[in-house]
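So the structure is just underneath, and the comments pick up after that.
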Amino acid sequence: MRQFFKYVLATMTGLVVMGFFALFLFFAMLGSISTAKSARVVEKHSILKIELTGTLSERIEENPLAEVFGIDQLQQQGLNTLLSALNKAATDNNIDGIYLEGGTLAADYASAQELRKAIVDFKKSKKFVIAYGEQFSQLAYYIATAADTVLLNPSGMVDLHGIASEPIFYKELLDKVGVKMQVFRVGTYKSAVEPFIATEMSPANREQITSFCTDIWSFIGQDIAAARKIDTTRLNQIINDYVLLADAKDLVENHLVDGLLYADQLRDRLRALTTHDKVVFASPSDLLSDTDELSARSSAHIAIYYAEGEIVDQRTTSGFSNTSEIVGSDVVKDLDELANDDNVKAVVLRVNSPGGSAYASEQMWRAVQVLREKKPVVVSMGGLAASGGYYLSCGADYIISEPTTLTGSIGIFGLIPDVSGLLTEKIGLHFDVVKTHEASDMGAMRRGFNAGESAALQAYVERGYGLFLSRVAEGRKKSTQQIDSIAQGRVWTGHQALSIGLVDKLGTLADAVAEATRRAKMENLATVGYPAAKSWIEKLANVSENSFLENQLRAALGIYYRPLRFAYSIEGRDMLQARLPFEPNVR
């Protein structure tokens, strides 16, 4: 028996020692990765490789765990990293040119437009830009048309289909389970509630979707037609012939691509372009030093504050989740710190948001006003700056938008589920009540709102809308009546918003930085991204078991991820929402 315990204890001791040793190796690997990242060397005759695949976000934080375990982080790419790399590559003598690798890219049109413009600007360096792929999604192809040459595998495909929007409607599903949505809203076009109370678009919603889809395509189509030297009428005819299923040779004949090559032939072409005997690729992150931004923080600079995702009162994601959120209280705290940082001479708010909590939007609006008292604030709009996203933006000194940005949607709604049918009719629960006041059981699960409660809630929503109108009117220097005439929840493209005074100029993030620099009355200021990236230790401390599953669902569901996530989380949301009137699902 003594021998048995001896062996058991020896085994346990060995396991503990091995556990500590494995933990030591784990952290050592993370440390070595971090060290390696700050010591990258770009070889002579390198080619900057940009992969037009995966998901394009405003910015992402690197995940050391992904490298340890060989996880591709669902191929997330940060627009900020790509733009910085393109800017640096133009003057880096070790970079001979750019290779754009085609694929399936998930992004909004404004982000794609900004990336494409940066590639066009890069070409001023007289370095080559070549695009090649086995397949190009529409957004990937749109960006690739900025290249000098677009090449395709002989068995390859180009998905060029125009623009469609397919909102999802849940009403019949909710009816089947006995759930009814109680709706309170202001605005003819404020149709965020439609998926829960209808089975098709309202005439007003169809009008605005048709309007912005047509306007977005006018820019995308013109850019493609000009780059490929095709008449826009002819381009539209080609698209109507189902380009995705066309023979690759027909794509050459129709001037959509310049030639057909296999991968080995492409490598020969790249060797010829670099006059080098081997093809050496450099990634965008290879060009960027981790220490550049750290040193810039300690001197005068422009702060670029990234506000991306849904606006919430409290964070609902954590750890290594790639789902971005704008947490109202965090933004208020961050903007206060920027206001009191003497090294920050101006702030560019980079907004990419469909909106969300009306309460959080109001608090952030106030924080922007406090910030403006101390330094210039310029807004740069990404793919979305709608509803609460516009609420956040409207109080800035100056607003710059991409032509294809979706913005406006000035309106408020409340959406509260009535589950009484599910509980009483489907499940068979019974309720009774004793109360001291009429409002004592308001919101009880056993019933929906009565007439008095509904009237009070509608008045609450209307007050929220009035406050929203007054904030926009103050910021845009117009009357509330003028703003109301273009509000009503209506979504506009950036191009349309310029003509009605909701934005000041069409342009890129670089244009917003230039405007902020001008208003700061200083020259040659560096830019620093905020909020500061969390360390991998901080992210590891906050990681949740749901993060991995959430990332997998996001990748699998694609454009359907956000609307389904919204439907799932309705009950836990702020009652008053300043949010895009629907999930546009523009593709």
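Here are some notes:
- You can think of it this way: the chain between Asp441 and Asp268 has 54.8 nm of extra reach, that is 0.36 nm per residue less the Cα-Cα gap.
- Accessible area of segment 166-310 belonging to carbon and sulfur atoms, whole % at 1.4 Å probe: 52 percent
- Legend: distances between Cα atoms for Lys44/Lys88; Lys117/Lys229; Lys180/Lys426; Lys333/Lys478; Lys88/Lys126; pairs beyond 25 Å are Lys333/Lys478.
- In range of the label at Arg519: residues from segment 467-483 whose backbone nitrogen is under 17 Å from the point 7 Å along Cα→Cβ: 472-478
- Each peptide in 456-469, 129-142 was scored by the mean count of other Cβ atoms within 10 Å over its residues; highest first, the order is 129-142, 456-469.
- With Cα atoms defining each centre, segment 373-388 and segment 144-173 are spaced 29 Å apart in the structure.
- Cβ-Cβ distance of Ala533 and Ser329, R₀ of 25 Å, FRET efficiency by 1/(1 + (r/R0)^6): the value works out to about 0.80.
- Under the convention that each Lys and Arg Cβ holds +1 and each Asp and Glu Cβ holds -1, the size of the dipole of segment 411-493 around its Cα centre is about 480 debye.
- Environment charge of Ala225, counting only residues whose C-beta is closer than 11 Å and scoring Lys/Arg +1, Asp/Glu -1: +1
- Protection proxy ranking of 227-240, 85-98 - average other beta-carbon atoms within 10 Å, highest first: 85-98, 227-240
- Peptides ranked, highest mean first, by Cβ atoms within 10 Å: ranges 248-261, 508-521, 267-280: 508-521, 248-261, 267-280
- Taking only protein heavy atoms and a 1.4 Å probe, the accessible area of segment 366-517 is 55% carbon and sulfur.
- 3J(HN,Hα) from dihedral phi, segment 165-173, Karplus parametrisation 6.51/-1.76/1.60, rounded to Hz, x for glycine, proline: 10, 10, x, 9, 10, 10, 3, 5, 4
- Full extension of the chain between Thr214 and Thr424 gives 70.9 nm of extra length, using 0.36 nm per residue less the Cα-Cα distance.
- Per residue solvent-accessible surface (Å²) - segment 153-219, probe of 1.4 Å: 44 Å²
- Stretching the chain fully between Lys49 and Lys374 yields a gain of 112.9 nm (0.36 nm per residue, less the alpha carbon separation).
- Per-residue SASA entry for Lys505, accessible area with 1.4 Å probe, Å² rounded to 10: 80 Å²
- Residues with amide H under 5 Å from that of Lys505, placed H, sequence gap 5 or more: Ile399, Ser401
The values are calculated or read from the model by the stated rules, or taken from the named source; none is laboratory data. Here the structure is a predicted model, which means the values were calculated and not measured. A quick note on method: Cβ atoms are made from the backbone with ideal geometry, for glycine too, and the neighbour counts reach across all protein chains shown. Heavy atoms of the whole protein, side chains included, go into the accessibility calculation; ligands, DNA and RNA do not. Shrake-Rupley method; radii C 1.70, N 1.55, O 1.52, S 1.80 Å.
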